Amino acid sequence: MSTQSLVGTLNRKGQRIVEPEYLFFEAPRQQVFMTGSETVREAIRRAHLDISIAYPITPQSEAAALVGELYTEGYVGDYFRGESEFAVMSQCAGASFGGARVFTTTSGPGTLRAYENFPMWVGARLPIMINVMVRGINSPLNIQPDTLELGMITDTGMLIWHAETAQELFDYLLKGFIVAEQPDVHLPIAVAIDGFFVSHTKDMVMVTPPDLCLTPYDPYRSPVPCMDMEVPPIRMMRDPFVMKSNYISYATHASWQQETRAACERSRKHTVRLLGGLLEEENADADILIVSSGTAVAQGREAIRLLADEGIRVGIVKIKTIRPWPGEELRQATKNAKIIFVPEFNVVGWLAREIKASIDNNSRVVMGPHVAGGMTMPPEVIVEEIKKTLAKRKEELVHG
Amino acid sequence: MDKITINKEFYDIMPPEYRELVETATFGKPGRGWKDIGINKELIEEHSLCAGCPESIAFRYVMASLPNPEDTVMVGSTGCTSLVFPHVAVHNIHSLFGNQNAVASGLKRALAWRFPNKVKDVVVLAGDGATVDIGLDMTLQSWFRQEKFLTICFDNELYANTGGQESGLTQKGFVAKMAPAGKRFEKIRLPEIARESGCHYVASLTVSKPNRVEKAIKQGILIAREIGPTYLQLYTPCILEIGKQSMEGLAEMRDSEGPGERFEFKEYISEEAKAYLAKIEAEKKLAQAPAAVPAKA
């Protein structure tokens, strides 16, 4: 059964199923002033979602609870509170193995509590959507935004998109399901936002009509069998690979990891089509560039405005997808830059590290400014970092 | 069964054991049970366990006793059982160690949502480390939530697959790896905990008596399907780790199920489940009774 054939019919809630592209690009939109958490609810309302499983942790609790309201309204097939993030992600796995479209949310310590599940989702090719509302993971206890956890999930094999605004959150959630569920991708996807900055602030969001929804997930387009006993299984394999210490076993494990990474790369073409590219550039021909993701980009834009007032021209490159990593795109976008600043909401600068590993002449990359532990990053901090670095370089040029 | 067939074009290239499975296995046969073993093709092709491992015969009884294998999905965990599952002819999931009852919760709900008019059974089968130690939280929480599936624990009283370490179900005093001075606390009484946690059917037994195993499996699945969570704890000793020969597993189980022994057969059935079983029995009798002569007008 192709779910495309359901276009034009009604789902169990009575919403009209429309082509995803129609919903994304053509359906009429209405402006709503709402928080990031409410934006999650509105995206999921239109997502033809089968199952969501929730667990409380600040700052994602409100969004997770609002999805629960959708369940009582009949927009979501089933919903419950699990007992921990580790359990929740396993429950999501079970539901996805059973052919359901699945959504959950998490934050900071919860992401780490759940961690073991993420590479398992990838290896099992479960296209689960997880909304990561980043939060500090340090001790002492901290509930404030900090993107360290995103750096920690980059190599799990999941797709990772980083939304800057509530509008992007709305669009990425809906588009994310469609990209993640493509037969040549079929991987879990994390749509990240910066906790509080996006989840708890109100913003104008253009939303599609609530009576239109995505086509449902079709588990029979999966590259691996759906575990519902609808397709005869007979045995899955003759020998369990886990117990074989031989070349075939090693080769199987190695090639499957390569395949899941390749699947992530194959998501590029779908992502470019729906997001318009993995990067977004503004004045990228400038000598000085800011490269970042999430709300650090918004702060970067403000810094650019302040610097322009002083006659300093700075461009910006926004990274929309952490995975797939836009390495080649970054190389191109930064090829004329003389110096590159990477403002980040974490103490280690993992994004700057990734950028350094991708571009030529990486001494151009300034790993900063950083704030961490929930500090805000006023544009002045970026301005100061840029001016300080420029002055230092000038001095080196004169005296060095 | 319509869905378990072979495309004619591919028939000649299918492996013989696949053809046997399609032609002589007991998919879709309501009266299936352990007595089919040796007559009909089993749903378990081979096993990768040690010679004489009681777990292997337990696995075969379980597979032979599923009332609805054509619509049953099993969830396993890491351990000796995960070496057998790839040979099993029903869909089965291995994801991580200890999360089996969480996976089964999501799976059962997904199948219930996707197939509202069809019975889809979910059965968890995991070892004692997975059920009682690393996965205890998720085991219990699935019972508290009244998730509708059967949990089977193959209790071999230690971590066998990793080489014989102490588990929560190891007997007190037993010297195992990681319990060099002998286990210092009692074997966890999970059947009692299961009852208190909301299971509607709990049985603790060895696998020395196939009739009893079959009945427990069937009751566990039927009650889980209609009423709520059920739990079976089956003693499947690790002969390797207790120093027995491959032919001594059966005797070990018999010795452990005598009166007052730790695996003396015990069964708990909730009132709700009792009423349900009585209803099924009554319906069965009614179906077997000679049809009443219709009254003439």
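Leaving out same-chain residues fewer than 8 places away, which aspartates and glutamates sit with a Cα under 13 Å from that of A:Lys175?
Hits, sequence-local ones excluded: A:Glu19, A:Glu21.
For segment A:113-206, what relative contact order do you get, as a whole percent, if you take Cα pairs closer than 8 Å and at least 6 residues apart?
39 percent
Taking θ as phi - 60°, what are the ³J(HN,Hα) couplings along segment B:158-173 by the Karplus curve (6.51, -1.76, 1.60), each to the nearest whole Hz, with x for Gly and Pro?
My calculation for segment B:158-173 gives 5, 7, 7, 5, 8, x, x, 8, 4, 10, x, 9, 5, 6, 4, x Hz in order.
Among the lysines, which fall within straight-line cross-link reach of B:Lys284, defined as a Cα-Cα distance under 22 Å, with same-chain neighbours fewer than 8 residues apart omitted?
Once the sequence-local lysines are set aside, what remains near B:Lys284 is B:Lys29, B:Lys35, B:Lys118, B:Lys120, B:Lys215, B:Lys218, B:Lys274.
Once you keep just the Cα pairs under 8 angstrom separated by 6 or more residues, what percentage relative contact order results for segment A:3-221?
Over segment A:3-221, the number comes to 31 percent.
From the gyration tensor of the Cα coordinates in the protein assembly as shown, what semi-axes in whole Å does the equivalent ellipsoid have, largest first, with each one equal to sqrt(5λ)?
Largest first, the protein assembly as shown gives 52, 29, 23 Å.
Add -39500 (n - 2.57) for each DSSP H run of 4 or more in the protein assembly as shown, then divide by its residues: what number comes out at 222 nm, to the nearest 500 deg cm²/dmol?
Computed mean residue ellipticity for the protein assembly as shown: -11000 deg cm²/dmol.
Return the sequence-ordered ³J(HN,Hα) values of segment A:56-70 in whole Hz as given by the Karplus equation 6.51 cos²θ - 1.76 cosθ + 1.60 applied to θ = phi - 60°, using x for Gly and Pro.
Karplus values, whole Hz, x for Gly and Pro: x, 7, 5, x, 8, 4, 5, 4, 4, 6, 5, 5, x, 5, 4.
Are there trypsin sites (Lys or Arg not before Pro) in segment A:29-118 that DSSP marks as loop and that have at most 15 other Cβ atoms within 10 Å, and which are they?
On the way: sites: A:Arg29, A:Arg41, A:Arg45, A:Arg46, A:Arg81, A:Arg101, A:Arg113; in loops: A:Arg29, A:Arg46, A:Arg101.
Listed in order of number, the matching sites are A:Arg29.
Please list, in order along segment A:305-322, the HN-Hα scalar couplings obtained from phi with the Karplus expression 6.51 cos²θ - 1.76 cosθ + 1.60 (θ = phi - 60°), rounded to whole Hz, x for Gly and Pro.
Once rounded to whole Hz, the list reads 5, 5, 5, 4, 4, 9, x, 9, 9, 10, x, 9, 10, 9, 8, 8, 10, 6.
What does the charge count near B:Gly164 come to, summing +1 for each Lys or Arg and -1 for each Asp or Glu among other residues with Cβ under 15 Å from its Cβ?
Here the charged neighbours net out to -4.
What residue among A:Pro59, A:Pro210, A:Pro326 shows peak mean-square fluctuation when chain A is described by a Gaussian network model with Cα springs under 10 Å?
Judging by the Gaussian network model, the answer is A:Pro210.
Fewest Cβ neighbours within 10 Å first, please rank A:His162, A:His270 accordingly.
Sorted ascending by nearby Cβ count, the order is A:His270, A:His162.
Whose amide H sits under 5 Å from the amide H of B:Cys238, counting only residues 5 or more places off or on another chain, with H placed in the peptide plane?
Sorted by chain and number, the residues that satisfy this come to none at all.
Given Cβ point charges of +1 (Lys, Arg) and -1 (Asp, Glu) and nothing else, what value in debye, to the nearest 20, does the dipole of segment B:4-55 about its Cα centre take?
With Lys and Arg at +1 and Asp and Glu at -1, about 300 debye.
Over segment B:113-166, what is the mean sequence separation of C-alpha contacts under 8 Å (at least six apart), divided by residue count, expressed as relative contact order in percent?
Dividing the mean separation by the residue count of segment B:113-166 yields 42 percent.
Give me the one-decimal nm value for the distance between modelled label points at B:Met247 and A:Thr72, 7 Å along each residue's Cα-to-Cβ direction.
Taking the two extended label points, one gets 6.7 nm.
When a footprinting reagent is the concern and you count Cβ atoms within 10 Å, what order do B:Ser197, A:Ser139 take, fewest first?
Numbers: B:Ser197 18, A:Ser139 7.
Fewest to most other Cβ atoms nearby, the residues stand as A:Ser139, B:Ser197.
Of chain B, which part is the longest with no GluC sites (Glu not before Pro) in a loop (DSSP not H, G, I, E, B) and with at most 16 other C-beta atoms within 10 angstrom?
The longest uninterrupted stretch comes out as B:47-185.
Using alpha-carbon positions, what is the distance between the centroids of segment A:152-199 and segment A:70-139, in Å?
Measuring centre to centre over Cα atoms gives 13 Å.
Can you list residues whose amide H is under 5 Å from B:Ile152's amide H, if they're 5+ apart or on another chain and H is modeled 1.01 Å from N?
B:Val124, B:Leu125, B:Ala126, B:Leu232
Among the aspartates and glutamates, select those whose C-alpha is under 17 Å from the C-alpha of B:Lys183, and discard any that sit fewer than 8 residues away in the same chain.
B:Asp128, B:Asp133, B:Asp155, B:Glu157, B:Glu166, B:Glu241
Give me the inter-chain shielding for A:44-51: mean count of other chain Cβ atoms within 10 Å, whole number please.
Other-chain Cβ atoms within 10 Å of each residue's Cβ, averaged: 1.
Here, each number is a calculation from the coordinates, and none is a lab measurement. Because the structure is predicted, anything quoted here is derived from the model rather than measured. Positions of Cβ are backbone-derived with ideal geometry, glycine not excepted, and every protein chain shown enters the neighbour counts.
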